[in-house]
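Encoded as structure tokens, the structure appears first; notes follow it.
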Amino acid sequence: MHLAGGGAALAGLLGAGVAHADSPAEDAVWIANHMETRLLGADGQPVVGLPRWTRMRILRSFPNGLIQVWVPRFDLVGRVAESAIGPVPMPSAADLGAEKLNGPPEYAGGIGLPGRVVGGGNLRTWPVVDNNLLRTLGHNAPVRVLDSVLGDDGDEWYSVNGLDPQTYEPVNLGYLHNSVVRLPRLRYTPVAADQSDVPGRHFEADLKEPALLTAFEDGGPIWSTLTLKGTVTKSTPTGMHKILWRVANETMTSERVYPPIPRDAPGGYYLTGVLWTQYFTSDGASIHYNYWSSNWGYAGSHGCLGIAYNEARFAWNWASVGVPVMVFT
């Protein structure tokens, strides 16, 4: 593929008018990137890496040197820099199909689970450590692991969607090394031929560090988050529980535990504005928003499962009194 003089030719095509998604196919303007580049979202953040010679259809242009395109290879709409692309002939269906087949690395096994990044991770455009960074994801960033692939380095990598931390909708696509992703262990997922013993909704709290709280619906995990857990002296109670009562906003104080501890004594506490508390034991163990610590995945509570703001809001809106909470190590 040769794109010499592509910039001038592209300028002429744009000047003649930009094809939109609903226009006839013969009016479409097609381009391809002559260097590895990133497809950007409307916020300017990278969504996915585009291998060289990825074909794209122009939707519109912007005055900042970016072009909005549709990328059949990933079936995504985003923006690319004019400096990275040039015009190409309209591809056939076979051409576009070959791009998809030539894309992902060797498939190693299906996963399809909600996970969390541990300690931070580099989302890459290809499963190998190289000059291919897409973006950096922080500790406890939500991801959806699509599948496991064999990287160019021989290691296991995950093909993942990075998720919006508020809506949990996919916002990017790339590869993370398996060592920086925490996934549910699925310990309590029942196996029954008729599925009669599958609960509609339940939580599973896996206390193996980094501790993970997972929401299950109809037998499958739909959401997870790293969670604080109890310390050695104030451990989170394991076993089968259920949500007993809920408080939307409360003050937590050690003066109400048994035996009571004065708030200013060693081990005492007095915390106002604790949101979305869901108690699953009669002695006070609960799932709740924890604003005084962010050591997600590790010990640091008096037995509760403390989680971040958006996560606590999700858990509150999703669950109700009576939902099972299964805690194991």
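Quick look at the values:
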read-out	value
Highest-MSF residue in the chain out of VAL232, VAL128, VAL88 [GNM, Cα springs under 10 Å]	VAL232
For region 290-306, 3J(HN,Hα) per residue [Karplus equation, 6.51 cos²θ - 1.76 cosθ + 1.60, θ = phi - 60°, Hz, x = Gly/Pro]	10, 9, 9, 8, 10, 7, 4, x, 9, 5, x, 10, 8, x, 7, 9, x
Least to most buried among PHE74, PHE328, PHE280, PHE62 (fewest other Cβ within 10 Å first)	PHE62, PHE328, PHE74, PHE280
In nm, spacing of pseudo-spin labels at ARG52 and MET240 (7 Å Cα→C-beta vector)	6.0 nm
Among beta bridges that DSSP assigns inside the chain, antiparallel share in %, nearest 5	90 percent
Net lengthening on full extension, VAL129/ASP264 (0.36 nm per residue, minus Cα-Cα)	43.6 nm
Debye equation applied to the C-alpha atoms of region 135-294, log10 I(q)/I(0) at 0.10, 0.14, 0.19 Å⁻¹	-0.49, -0.89, -1.33
Residue among VAL129, VAL118, VAL149 with the largest mean-square fluctuation in a Gaussian network model of the chain, springs linking Cα atoms under 10 Å	VAL129
Gain upon complete extension [ALA248, LYS100; 0.36 nm per residue less C-alpha separation]	48.5 nm
Gaussian network model of the chain, springs between alpha carbon atoms under 10 Å - residue of ARG246, ARG182, ARG144 with greatest fluctuation	ARG246
Ranked list, fewest to most other Cβ atoms within 10 Å of each Cβ, for ASP153, ASP206	ASP153, ASP206
Helical mean residue ellipticity (222 nm; -39500 (n - 2.57) per DSSP H run of 4+; nearest 500) of the chain	-2500 deg cm²/dmol
Dimensionless Rg over Rh [the chain; C-alpha; Kirkwood]	1.10
For region 242-266 versus region 269-293, the gap between their alpha-carbon centres in whole angstrom	8 Å
Phi-based couplings in Hz for region 71-86 (Karplus 6.51, -1.76, 1.60; Gly and Pro marked x)	10, x, 4, 10, 6, 10, 10, x, 10, 10, 7, 4, 5, 9, 10, x
Dimensionless Rg ratio for region 201-328, taking C-alpha atoms and the 2.2 N^0.38 Å reference	0.98
For TRP292, TRP318, order by how many other beta-carbon atoms lie within 10 Å, fewest first	TRP292, TRP318
Global size of region 107-182 as Cα Rg and Dmax, reported in angstrom	11.1, 34
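Only the coordinates and a few stated rules stand behind these numbers; no lab work does. Because the structure is a prediction, the values reported are computed rather than measured. Please note: Cβ atoms are built from the backbone with ideal geometry, for glycine as well, and neighbour counts cover all protein chains shown.
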